[in-house]
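Visitor: If you scroll down you'll find the structure; I have some questions about it.
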Amino acid sequence: MKAVSYATYGGPKVLRVLNIPTPVPGPAELLVRVHGAGINPADWKLRSGQFRRLFRLPLPFVPGMDIAGEVAGVGSDVRGFAIGDRVFAMLEMKSGGAYAEFAVVDGSLAAHAPVTASSLEAAAVPLAGLTAYQGLHRHGGITSGQQVLVYGASGGVGAFAVQIARAAGASVTGVTSTLNLDLVRALGANDVLDYRTADIFAGPRRFDLIFDTIAKVSFRRWRNVLRAHGTFVTVNPVIGKLMPAMLTRALGINRVRSMFTETSAGDLAALARLIDAGQMRVPIERIYRIDDVAAAHEHSAGERVRGKLVIDLGGRLDTRRTGASISAASNVYR
Ligand SMILES: NC(=O)c1ccc[n+]([C@@H]2O[C@H](COP(=O)([O-])OP(=O)(O)OC[C@H]3O[C@@H](n4cnc5c(N)ncnc54)[C@H](OP(=O)(O)O)[C@@H]3O)[C@@H](O)[C@H]2O)c1
């Protein structure tokens, strides 16, 4: 099969498209013919070697954590899936394997893909969608009627978070830059703030839940706009930056959560239901061919992505798709 792989850590140039053996699923695994693979910042961060002190990747390594496609093989112990089923899944960070024509996934971690989304749209969902869903529900304890602020509302995690928070009945303020105000409004934010022109820390607004998907602002500043007993959730698990947050938590003033996303078939199924209920759409900025993955990594590393980036591994012409045409449904920005 064709796959993207790298044999050493480094810049985008270490990425190679190779022919490698198709993986063989174990008894608890599914073999998936990958139609689309989502791109996440974790992919280029791992490739650059910045996590190598935390864990070593098995090099050569096939990157990517997000897949959607069709079941091509079912391990003897797997229940609930049959050949030909459309599925999506988040692969483990340390094993990767998404940027390839076939991938194996633990059968307990895959979910049936949303029926109204194309495979490319479904492929854009897992890591960013799970981060938004778990950040708001599991860590944030979101409830209807709350005032919720999403910082970084135009990125992959933020774009899903705005919609998931609205679906939970919250009133959502999305923070982004000038170029992306319309996108965030179109995703359903009740209010949008431009962090380049507005001082979001000086105004009268107070929030029950702040979801920081960017982690460039210190908690000291966030505390000014967080209600007493409000909850602050960050995707940045760096303890040093969170010291002030730890103190306020110790004093019982705010709840502070620093999160690592976990792969979960149940949460993926919840995301599929939101999509099929029309409460969440998948904004895709760009679709890349497998040969252009280096350009995709460069774009992602520039930190200006609007919505999601995906690699097309054959899903674009997915005839099983039941929704509207991809450009209309997924809001592909070109
Ligand atoms: N802890 C975990 O388990 C976990 C899980 C998933 C992701 N993450 C991390 O979460 C972060 C976000 O992921 P993502 O997939 O959403 O990334 P992404 O799609 O690449 O985010 C891009 C967005 O970030 C916004 N942005 C960049 N700098 C900003 C700033 N200073 N202030 C406000 N917005 C800014 C940009 O908006 P503008 O162009 O308008 O500035 C852009 O739309 C990444 O660092 C990722 O590694 C962590």
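Visitor: Which lysines, on any chain, are close to K2 with Cα under 29 Å apart, when same-chain ones fewer than 8 places away are left out?
Guide: Leaving aside lysines fewer than 8 places away in the same chain, those within reach of K2 are K13, K45, K94, K308.
Visitor: Residues of the chain: accessible area per residue at 1.4 Å, in Å²?
Guide: Result: 43 Å² of accessible area for each residue.
Visitor: Also, I was wondering about something else. Could you compute the FRET efficiency for K216 and V24, with r as their C-beta to C-beta distance and R0 at 45 Å, rounded to 0.05?
Guide: Efficiency at R0 = 45 Å is approximately 0.55.
Visitor: Just M259, M90, M65 to compare: in a GNM of the chain, with alpha carbon springs under 10 Å, which one fluctuates most?
Guide: M259
Visitor: Hey, another quick one. Say each of D77 and H137 gets a label point 7 Å from the Cα, pointing the same way as Cα to Cβ; how far apart are those two points in nm?
Guide: It is 2.7 nm.
Visitor: Something else: How fast does region 157-246 diffuse by Stokes-Einstein, in µm²/s, taking the Kirkwood radius from C-alpha pairs at 4 °C and 1.567 mPa s?
Guide: 94
Visitor: Could I ask something else about it? Computing the accessible area with a 1.4 Å probe over protein heavy atoms, can you report the carbon and sulfur percentage for region 141-184?
Guide: Of the solvent-accessible surface of region 141-184, carbon and sulfur hold 48 percent.
Visitor: Determine, for each peptide in 270-280, 54-64, the mean count of other beta carbons within 10 angstrom over its residues, then list the peptides with the highest first.
Guide: For the peptides 270-280, 54-64, the packing ranking is 270-280, 54-64.
Visitor: Comparing T234, T143, T213, which has the greatest mean-square fluctuation in the GNM of the chain with Cα pairs linked when under 10 Å apart?
Guide: Answer for the Gaussian network model of the chain: T143.
Visitor: Could you work out the relative contact order of the chain? I mean the mean sequence separation of Cα pairs under 8 Å and 6+ apart, divided by the number of residues, in percent.
Guide: Normalised by residue count, the contact order of the chain is 20 percent.
Visitor: Go ahead and run the numbers for FRET between A198 and E303, Cβ-Cβ distance against an R0 of 30 Å, rounding to 0.05.
Guide: After rounding to 0.05, the efficiency reads 0.90.
Visitor: For the chain, list log₁₀ I(q)/I(0) at each q in 0.09, 0.13 Å⁻¹, using the Debye formula over Cα point scatterers of equal strength and ignoring solvent, two decimals each.
Guide: -0.46, -0.95
Visitor: Run the helix sum for the chain: -39,500 (n - 2.57) per DSSP H stretch of 4+ residues, divided by residue count, reported at 222 nm to the nearest 500 deg cm²/dmol.
Guide: The per-residue figure over the chain is -6000 deg cm²/dmol.
Visitor: I want to check the label-to-label distance for K94 and R289. Put each point 7 Å from Cα in the C-beta direction and report it in nm to one decimal.
Guide: Distance between the two pseudo-spin positions: 3.7 nm.
The values are calculated or read from the model by the stated rules, or taken from the named source; none is laboratory data. Here the structure is a predicted model, which is why all the values come from computation and not from measurement. All Cβ positions, glycine included, derive from the backbone under ideal geometry; neighbour counts span all protein chains shown. Remember, those area values only see protein heavy atoms, side chains included, never the ligands or the DNA or RNA. Shrake-Rupley method; radii C 1.70, N 1.55, O 1.52, S 1.80 Å.
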